[in-house]
2 protein chains.
Amino acid sequence: MFIRQNQEAVNIQSMVYGNLGETSGTGVAFTRDAATGENYFYGEFLMNAQGEDVVAGTRTPLPISQLAEKDKRSYNGLLSIRQILEQHYRDMLDVEFTIQDGKLYMLQCRVGKRTAFASMKIAVDMVKEGLISPKEALMRVEPDQLNQLLRPIFDLNEKKKALDKKQFLAKGLNAGPGAACGKVVFNAEDAIEVAKKGEPVILVRIETSPEDIGGMNAAEGILTARGGMTSHAALVARQMGKVCVAGCGSLNIDYKARTISVEGKDLVVKEGDFISIDGSTGEVINGKIPTKPSEVIQVLLQKTLDEKDAPTYQIYKQIMKWADQFRRLNVRTNADQPDQSQNAVAFGAEGIGLCRTEHMFFGEGKIGPMREMILSDSVDERKKALAKILPFQRADFEGIFLAMDGRPVTIRTIDPPLHEFLPQDEAGQKEIAKQLNISLAKIKERIAALHEFNPMLGFRGCRLGIFYPEITEMQSRAIFEATVNVIKKGTKVLPEIMIPLVGHVKELKSQEEIVRKVASEVMEETGVKFDYLVGTMIEIPRGAITADQIAEVAEFFSFGTNDLTQTTLGVSRDDAGRFLPLYVQKEIYARDPFEAIDREGVGYLMKLAVEKGRETRKKIKLGICGEHGGEPSSVEFCHQLGLNYVSCSPFRVPIARLAAARAAITEELLTKQDKKGKKEKKEKKGKKDKKDKKKKK
Amino acid sequence: MFIRQNQEAVNIQSMVYGNLGETSGTGVAFTRDAATGENYFYGEFLMNAQGEDVVAGTRTPLPISQLAEKDKRSYNGLLSIRQILEQHYRDMLDVEFTIQDGKLYMLQCRVGKRTAFASMKIAVDMVKEGLISPKEALMRVEPDQLNQLLRPIFDLNEKKKALDKKQFLAKGLNAGPGAACGKVVFNAEDAIEVAKKGEPVILVRIETSPEDIGGMNAAEGILTARGGMTSHAALVARQMGKVCVAGCGSLNIDYKARTISVEGKDLVVKEGDFISIDGSTGEVINGKIPTKPSEVIQVLLQKTLDEKDAPTYQIYKQIMKWADQFRRLNVRTNADQPDQSQNAVAFGAEGIGLCRTEHMFFGEGKIGPMREMILSDSVDERKKALAKILPFQRADFEGIFLAMDGRPVTIRTIDPPLHEFLPQDEAGQKEIAKQLNISLAKIKERIAALHEFNPMLGFRGCRLGIFYPEITEMQSRAIFEATVNVIKKGTKVLPEIMIPLVGHVKELKSQEEIVRKVASEVMEETGVKFDYLVGTMIEIPRGAITADQIAEVAEFFSFGTNDLTQTTLGVSRDDAGRFLPLYVQKEIYARDPFEAIDREGVGYLMKLAVEKGRETRKKIKLGICGEHGGEPSSVEFCHQLGLNYVSCSPFRVPIARLAAARAAITEELLTKQDKKGKKEKKEKKGKKDKKDKKKKK
């Protein structure tokens, strides 16, 4: 008997005859459990039936184990066929069989569909069973499937119940995977207050801004009506490991009435009501749905579970161990708080690739002086205000350096436009006016002056540091004083200062001079020597185009592929929701370019920058810190470019590790094929040459 | 006697001795009038004095002509020296002399500084005199100097008087050269109304938008508080040939109170008060200053002056004639109205390189249906609304085609974000609500939905046509029906349909299919065949990077260097005022990249697109339609790239013609030098080889 699949054939030597007397039957089965991956034969059969009857579901089939009672020989036959098939195909299979007049026929056999979890378990088990190699196992696990092992999920039965009861509200973007359930609040302060009482909250905003950080941190999940996969809400949520549904356009969020209404539905959700959001699917559901925590999180982060009691964790650990053996790319993380940094290290991060410092201007003791600085009219006033922020930022950096324990930390100097630090509502403006003893009119005037038509292309990035060198000076001082303090505590520190939005080498040069001057000053003042690097983001096309010149100054490049995608494609990520989905649907772009790197466009500039950068500085350190750094196909591209590392949000670190390993394995396979191809070509040519020679003779 | 200049020496053979008796004198003179260029010896001298006395102005010197009376021989000596010097240096010179004890000494001789006007007159005269060649003449006229021949200017004495009386108000950007004076109005409607009464008006706006077109057209000049050299106000003003001072940040424009106040000044300018603006210097001056019209405009555009009574026009004509002989680049214009097109042709435009169509959605009968379309919920409703606009746009195109009389016309399909077509003020919104019988709430909701964080990178360009194919369809139909109608009138038409903001060939393909489908339909319906091209703007980096793919579909590329600069440098032109001046001051960029093409960054991508485009389609037509197309150094760069044409606003067409000629002449000179250099190298090598041979022997 032959079973054909993918033009391959397996000869099942031992054809087995069953004996069901007069009756016949038919069934379908998986060689292992497709839901859990457990290693047992799992399926159903019907007596006196055709295959369609099993699929149609009109009669209730029996579990396959009962076949053993009805026809032991056929059952045993199936079991041995199962083994032969798995040995041959070295995978879990989905088979169809029929028994006619006591004769067992195998009708079909395909690689079986399985849950993400099952695919990981089966891959790991099959290595143990000697069926496949670790490399093959890794190639069978899609990196994104790891999310299943990391994030809290809804109890699926409970979710189904809720959906059956029509509690579904809307669907947004699955911006931060996992499941969360909590009370609705509409602003950051409320989120913090309610969370303090121990109650879970979902922070619901039209869009979020850096002002909301505290509230986002306090919430179980974040829900926004606007913004895409790389909007502020989505970025920060992923970095924090928060569940997030973003850009849920059909929600009508009314801050004044403190309600959410839904387009086309009568229902109104009020402040304090429970909602559930599924950040893996984008679903927003009314009411409470219980969630289950992840074993990996319990073992690694919460440390509430022992490794040996955590079979799921063990699968995760095995996959990561193999991944680390094969990958060539380093994996860093985007983190700007000590707890995030610790989480990332637990997930295997080998450094910080992007420490955003803008959040270090918010919060108690910092935002006040920051606003004072922005509203100042003179360098002296600005320096005074910045001096107040210095000790706070120094402490922030110390915390991060300690958490990273000697691993390199790339710190980006201030990047966002200044208006993000001023309140946009009149109440907030009045409060500052009072605090700083400035007229409300002046504050309004300054805010109006800071208003920009296209803030993404406006007064931000290194432009701030060039206009206000005192900011770069303060930040450099905070970084280097923290470096010295942590070195004195006996911990190694490797700060890498990164200047954003550089398009011209002179921009970088002006900032580099400040950084190096402050570094020398701090070394002299403290008598402690330390190593550090100065580099830049490559995030606007001109930066990539002139990378050879920029590399004269930059000791490293880090690709900021979010902004590089925005500028190269001329697409604002915050506004793309209007047309990009249609573009993907019409296959203009195969995938959302903010999700997976657009290799033809953005990738071209990355390649150019890599080549030009290395032309000038052979050993220049190259990395990526855009959100793409945690997306498997983009990680593969970075591997192909020969970058040194990718950096992504803490919860994506394991995904990046696996993706990096798969990229290396794929490359190896392709090289082998290539060699084989060449060899065959050569042999063919050799034969031809011989022939030709003979002919000539 | 030797006079040295630039390491060259001229031997003045005939040394002349004057005889002033006991006394001596000293003087400075120009060999021609430095202000008017007239060919007569022009200068001053003082008796018994040193050179410094003449310069210091403590004593009143005498005109040089009086020297003839005092010492005929010295004067004649000077006259012949003047001739010798001009023959030798072949330029107008500034000389210093002294007469001591009857002996005439020439102290110094330099190329003389002169006004723009004088430089043109002198150049033209010297060709006639056989001193220099036409090519040399062109190399001595800076293209921007032509502005002086085209634009109305203030009577300089009257302007000085006004400044002496402290009427100076503020200084903005010299966005549209020339001088204008009129009554202050604060909105487009008032501008139209006051202008109808025959009174000159200056339209004063914080910033302008397409809604203001009618008012800008009616005004003598436009003054804005915000926006740069390529802001809407500046672009449109230049295209219309209006005087414009833009981005005058120290003005406080209060629409409600209808006043302008100035930072740091007590004065308040009210609606109806007269102000004068100098678009060549950026000055804003209180009160009336008389202006003088330009001869060239009177001859070419107003036709109120005969060519032979216009010596200035003759100079212009001569320069343009020579320029056209030498230039290789074609020069087109950016125009979207018949009168603009006619002006441009009078200035020598050889076609339209950019006909923006967005203004064709404004005005009587058009803006209503356009708003109806934007607010529609279904394709059918949108098609109905668009059908109402069709006859208007068809008539617009007919007017332009007739004005261009067979010259090619590149028409860009709709480009700006839709929110620009909806009123931002509540009064306007209420009016539409009434007109269209839609609730105000719905209109506000739609406007809120259309709000964008970065409209420059948002839902605009071809994205509109992809989302709403019915717009492209309507526009194509209007263009082709107009084509047929004009052909039937016996005039040739060459429409080139240009799709904006293309970053992916599939975007262009989707639009091209619509355009070609409509063209076939119109040909079939009317039985008239016509030629047309479909092409694209290259204005985002991805367009340049994938130009080889795009050229599979595009029959021409037109570089939109405004947007290409914004995206390549990551700089919003509307917001750049905050930091770009500092950048230029700090020499990060040598020149404002929105003024002169940034060759290293933007130029790299242009070069790439030219190469890739020609790789796919050898004869692809290449042009530029960004504002850079009228800026001399950018025109030179376009010449170097080998583009087919540049396109600029009508009043810059002569400048572009001259710049194109100078680029060709410069190239010729460099090639000659290069050849000479190679020849010399070869000869040197030859000699060396001979020597070596000898040595060997």
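The values are calculated or read from the model by the stated rules, or taken from the named source; none is laboratory data. Only a predicted model underlies this, so the values are computations on that prediction, with no experimental measurement involved. Cβ: placed from backbone, ideal geometry, glycine included. Neighbour counts: every protein chain shown. The protein model used for the area step is the full one, side chains on, heavy atoms only, and it has no ligands, DNA or RNA in it. Shrake-Rupley method; radii C 1.70, N 1.55, O 1.52, S 1.80 Å.
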**Message:** Using amide H atoms built in the peptide plane, which far-off residues or other-chain residues are under 5 Å from residue B:411 H to H?
**Reply:** B:355, B:496, B:497, B:498
**Prompt:** Based on the Cβ-Cβ distance from residue B:206 to residue A:302, what FRET efficiency comes out when R0 is 56 Å, to the nearest 0.05?
**Reply:** 0.50
**Asked** What whole-number value in cubic angstrom gives the convex hull volume per residue for the C-alpha atoms of the protein assembly as shown?
**Response** 293 Å³
**Prompt:** Between segment B:98-118 and segment A:535-608, what is the C-alpha centre distance in whole Å?
**Reply:** 60 Å
**Asked** Between chains B and A, what is the buried accessible area summed over both chains (1.4 Å probe, protein heavy atoms, nearest 100 Å²)?
**Response** 4900 Å²
**With Cα atoms, 0 to 90° folded angle of helix A:440-450 axis to chain A main axis** = 50 degrees
**Complete:** For residue A:332, other-chain or 5+-apart residues with amide H closer than 5 Å (H placed, Pro excluded) are A:350, A:646, A:647, A:648
**Asked** Residues of A:551-559, mean number of Cβ from any other protein chain within 10 Å of their own Cβ, rounded to a whole number?
**Response** 0
**residue B:84 versus residue B:590: modelled label distance in nm, points set 7 Å from Cα along the beta carbon direction** = 4.0 nm
**Request:** Could you calculate the FRET efficiency of residue A:292 with residue A:321 from 1/(1 + (r/R0)^6), where r is the beta carbon distance between them and R0 is 25 Å, rounded to 0.05?
**Result:** 0.50
**Ordering of B:531-542, B:486-497, A:156-167, B:250-261 by packing [mean C-beta count within 10 Å, highest first]** = B:531-542, B:486-497, B:250-261, A:156-167
**Prompt:** Of the listed peptides A:233-245, A:668-680, A:124-136, B:176-188, what is their order by residue-averaged count of other C-beta atoms within 10 Å, with the highest listed first?
**Reply:** A:233-245, B:176-188, A:124-136, A:668-680
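What FRET efficiency, computed as 1/(1 + (r/R0)^6) with R0 = 22 Å and r the Cβ-Cβ distance, is obtained for residue A:489 and residue A:339, rounded to the nearest 0.05? Before the final figure, lay out the partial values.
On the way: r = 19 Å, r/R0 = 0.86.
Calculated transfer efficiency: 0.70.
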**Message:** Report the Cα centroid-to-centroid distance between segment B:141-213 and segment B:614-678 in angstrom, as an integer.
**Reply:** 32 Å
**Request:** Pop out the ³J(HN,Hα) list for segment A:109-117 in order, Karplus 6.51 cos²θ - 1.76 cosθ + 1.60 with θ = phi - 60°, rounded to Hz; leave Gly and Pro as x.
**Result:** 7, 9, 4, x, 5, 8, 6, 4, 4
**Asked** In nm, one decimal, shortest first: how far is the label point of residue A:444 (7 Å from Cα along Cα to beta carbon) from the matching points in the other copies?
**Response** 2.0
**Request:** Express the carbon and sulfur contribution to the solvent-accessible surface of segment B:304-382 as a percent, rounded to the nearest whole number, probe 1.4 angstrom.
**Result:** 45 percent
**Request:** Quick one: which residues, 5+ away or cross-chain, put their amide H under 5 Å from the amide H of residue B:108? H built at 1.01 Å from N.
**Result:** B:96
**Asked** So what is the accessible area of the protein assembly as shown per residue, in Å², with the probe set to 1.4 Å?
**Response** 43 Å²
**Complete:** Percent antiparallel among DSSP beta bridges confined to chain A, rounded to 5, stands at 60 percent
**Request:** State, to one decimal in nm and shortest first, how far the label point of residue B:69 sits from each corresponding label point in the other identical copies (label point: 7 angstrom along Cα-to-Cβ).
**Result:** 14.0
**Prompt:** Any residues in segment A:457-472 that have 40 Å² or more less accessible area with all protein chains than in their chain alone, probe 1.4 Å, and which are they?
**Reply:** A:457, A:459, A:463, A:466, A:467
**Complete:** Ranking B:267, B:338, B:312 by how far each Cα lies towards the positive end of the charge dipole of segment B:265-370 (+1 on Lys and Arg Cβ, -1 on Asp and Glu Cβ), the top one is B:312
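Mind listing which GluC sites (Glu not before Pro) in segment A:379-435 are in a DSSP loop and have 11 or fewer other Cβ atoms within 10 Å?
For GluC sites (Glu not before Pro) across segment A:379-435 that sit outside H, G, I, E and B with at most 11 neighbouring Cβ atoms in 10 Å, the list is empty.
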**Request:** Let me know the charge dipole size of chain A about its Cα centre in debye, to the nearest 20, where only the beta-carbon of Lys, Arg (+1) and Asp, Glu (-1) is charged.
**Result:** 3440 debye
**Message:** What's the magnitude of the charge dipole for segment B:340-398 around its Cα centre, counting Lys and Arg as +1 and Asp and Glu as -1 at the beta-carbon? Answer in Debye, nearest 20.
**Reply:** 100 debye
**Complete:** Rounded to the nearest 10, the angle in degrees between the Cα long axis of helix A:426-436 and the longest principal axis of the Cα atoms of chain A comes to 50 degrees
**Asked** For segment B:216-283 and segment B:368-411, what is the separation of their C-alpha centers, rounded to whole Å?
**Response** 31 Å
**Prompt:** Once label points are set 7 Å from the Cα along Cα→Cβ at both residue A:379 and residue B:381, what is their separation, rounded to one decimal in nm?
**Reply:** 5.9 nm
**Request:** Rounded to whole Hz and in sequence order, give me ³J(HN,Hα) for segment A:522-528 from the Karplus expression 6.51 cos²θ - 1.76 cosθ + 1.60, θ = phi - 60°, writing x for Gly and Pro.
**Result:** 5, 4, 5, 4, 9, x, 10
**For peptides A:598-604, A:210-216, A:517-523, sequence by mean Cβ density within 10 Å, most packed first** = A:598-604, A:210-216, A:517-523
**Prompt:** Could you give the angle, 0 to 90 degrees to the nearest 10, between helix B:469-488's Cα long axis and the longest principal axis of the Cα atoms of chain B?
**Reply:** 60 degrees
**Message:** Using the Karplus curve 6.51 cos²θ - 1.76 cosθ + 1.60 with θ = phi - 60°, what ³J(HN,Hα) values do you get for each residue of segment A:145-158, in whole Hz, with x for Gly and Pro?
**Reply:** 4, 4, 3, 4, 8, 9, 9, x, 10, 6, 5, 4, 5, 5
**Fill in**
Mean per-residue count of partner chain Cβ within 10 Å for A:561-574 equals 6
**Prompt:** Across chain B, how large is the tail of the calculated P(r) beyond 47 Å, expressed as a percent of all Cα pairs?
**Reply:** 28 percent
**Prompt:** Counting only DSSP beta bridges with both residues in the protein assembly as shown, what percent are antiparallel, rounded to the nearest 5?
**Reply:** 60 percent
**Request:** Could you tell me, in Å, what Rg and Dmax come out for the Cα atoms of segment B:333-466?
**Result:** 16.7, 51
**Complete:** Charge dipole of the protein assembly as shown built from unit charges on the beta carbon (Lys, Arg +1; Asp, Glu -1), centred at mean Cα; most positive-end Cα among B:546, B:116, B:130 is B:130
**Request:** Kindly tabulate the residues in segment A:506-543 with an accessible-area decrease of at least 40 Å² between the chain alone and the assembly of all protein chains, using a probe of 1.4 Å.
**Result:** A:506, A:542
**Message:** With the crude spin-label approximation of a point 7 Å out along Cα→Cβ, what separation in nm comes out for residue A:271 versus residue B:689?
**Reply:** 9.2 nm
**Complete:** With the dipole of the protein assembly as shown defined by +1 on each Lys or Arg Cβ and -1 on each Asp or Glu Cβ, the option from B:604, B:228, A:411 whose Cα lies farthest towards the positive pole is B:604
**Message:** Viscosity 1.002 mPa s, temperature 20 °C: give me the Stokes-Einstein translational D for segment B:643-689 in µm²/s, with Rh taken as the Kirkwood radius over C-alpha pairs.
**Reply:** 162 µm²/s
**Net +/- balance of residues flanking residue B:93 in space, Cβ distance below 11 Å, scoring K and R +1, D and E -1** = +2
